[in-house]
Amino acid sequence: MTAALAAMGGKWKVIIVYFLAESPKHFAGLRQAIPGISQKVLTQQLRELEADGIVQRQPTGAVPAPVEYSLTEYGRSTLPLVEAIRVWGRGHLERCKS
């Protein structure tokens, strides 16, 4: 149970998974979609998500290739959790703003 929580824990992982659920994205696309995340933190979070089998990294061209990130099948299994958090957050926006 602890490993599963750690796989999706932290400030950014659920947000990254949320945006990758829409479609695969290049690093720059993710960075643009997620205001406030630094390059260093995004890199670290993507590596952790990849190590946990939630995200896969796919080169999309010749070396040095741009890399595209997408959810694995296991990563897609987290989407009900991500959606529940999104719905809960929408219902409590005013409270979270203060």
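The values are calculated or read from the model by the stated rules, or taken from the named source; none is laboratory data. Not measured: the values here are computed from a predicted model. Ideal geometry is used to build each Cβ from the backbone, glycine not excepted, and the neighbour counts take in all protein chains shown.
Being over 18 Å from Glu83 (Cα atoms), assigned to a helix (DSSP H, G or I) and modelled with pLDDT under 95 is a condition met by no residue of the stretch 14-26. Here the condition is being in contact with a helix residue (DSSP H, G or I) (Cβ under 6 Å, 6 or more places away or on another chain), of a type outside the set (Phe, Trp, Tyr) and surrounded by 10 or more Cβ atoms within 10 Å (Cβ to Cβ); of Ala28, Ala33, it holds for Ala33 alone. Against the list (1) touching an Asp or Glu at 6+ places or on another chain (Cβ under 9 Å); (2) under 18 Å from Ser77 (Cα atoms), the condition His26 fails is (2). Only residues that are in a loop (DSSP other than H, G, I, E, B) and either among the β-branched types (Val, Ile, Thr) or surrounded by 10 or more Cβ atoms within 10 Å (Cβ to Cβ) (or both) were counted across the stretch 40-91, and they come to 10.
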